[in-house]
Amino acid sequence: MTIYLDLILLVNFGFDLLLLLVVDIVLKRHTKFIRLLLGSLFGSLTIFFLFLPLNSFTLFLLKIITSVMMIIISFSYQNFKYTLKNLLFLYTTSILLGGFLYYLNVTFSYKQDGLIFFYEGLSINYIFLLIFSPIILYIYIKETKALKNNYHYYHDIKIILSNDYEINTR
């Protein structure tokens, strides 16, 4: 099987950029686009770790460090809580998107060779990444904003049943 490193780098870069854009939009960070591009570029370089003779645990640690650096490059370091929240949203978004794309691949594929799925000889991974990733992330952003807006309609209610009994609700 032929592996095109430039195509994998480009897809990984685009995927990282989409994920950082979602974190930026959902958390309302309003960072400059060039910072997001630089963070995505740094994140896409993790592909080269796969060609190094590393064990699974070391590879895992390097990917964690890379994702932390992506967040710091993209959103800068203000404090630990700020950086951790950005990192958690990055992982949440990537798990959501990765799981959904994996589900679509398994549903519409009948042959699997490692992590590559085939349908009548055509690899559909890149098709799903290019078409469905922005759609899935758009729906995620829309629903997250709707959920946040729903919290504005909550009010504290105080019910007084008698002089000595009252109920406070939220």
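The values are calculated or read from the model by the stated rules, or taken from the named source; none is laboratory data. Bear in mind the structure is a predicted one, so any value in this text is a computation, not a measurement. Reconstructed Cβ throughout: ideal geometry from the backbone, glycine too, with neighbour counts over all protein chains shown. Calculation scope for accessible area: heavy atoms of the full protein, side chains included, ligands and nucleic acids excluded. Shrake-Rupley method; radii C 1.70, N 1.55, O 1.52, S 1.80 Å.
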Region 28-49 residues that are on the phi < 0 side of the Ramachandran plot, paired with ones that are open to solvent by 50 Å² or more (accessible area, probe 1.4 Å) and among the charged types (D, E, K, R) (beta carbon under 8 Å, 6 or more apart) = THR46/LYS63; PHE49/LYS63
message = Looking only at region 147-170, count every residue that is under 30 Å from VAL26 (Cα atoms) and open to solvent by 100 Å² or more (accessible area, probe 1.4 Å) and tell me the total.
response = 7
request  = For GLY39, state whether it is at pLDDT 85 or above, more than 17 Å from LEU137 (Cα to Cα), under 13 Å from the mean Cα position of the chain (by Cα) and open to solvent by less than 30 Å² (accessible area, probe 1.4 Å).
outcome  = no
query = So, in region 119-170, of the ones that are under 25 Å from LEU101 (Cα atoms) and polar (S, T, N, Q), which residue ends up modelled with the lowest pLDDT?
reply = SER123
key: Pairs where the first residue, in region 143-154, is at negative phi and assigned to a helix (DSSP H, G or I) and the second is modelled with pLDDT of 75 or more and surrounded by 10 or more Cβ atoms within 10 Å (Cβ to Cβ), C-beta under 6 Å, 6+ apart   = THR144/VAL26
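Here's the yes/no breakdown for (1) surrounded by fewer than 17 Cβ atoms within 10 Å (Cβ to Cβ); (2) among the aliphatic types (A, V, I, L, M); (3) at pLDDT below 95:
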{"residue": "ILE25", "(1), (2), (3)": "yes, yes, yes"}
{"residue": "GLY43", "(1), (2), (3)": "no, no, yes"}
{"residue": "PHE49", "(1), (2), (3)": "yes, no, yes"}
{"residue": "PHE57", "(1), (2), (3)": "yes, no, yes"}
{"residue": "SER76", "(1), (2), (3)": "yes, no, yes"}
{"residue": "ASN79", "(1), (2), (3)": "yes, no, yes"}
{"residue": "PHE89", "(1), (2), (3)": "no, no, yes"}
{"residue": "SER109", "(1), (2), (3)": "no, no, yes"}
request  = Being out of contact with any Ser or Thr (no Cβ under 9 Å at 6 or more places or on another chain) and of a type in the set (Ser, Thr, Tyr) is the filter here, so list the residues in region 57-74 that pass it.
outcome  = THR58
ask   = What are the residues in region 59-70 that are open to solvent by 70 Å² or more (accessible area, probe 1.4 Å), closer than 20 Å to LEU9 by Cβ and hydrophobic (A, V, I, L, M, F, W, C), if any?
value = ILE65, MET69
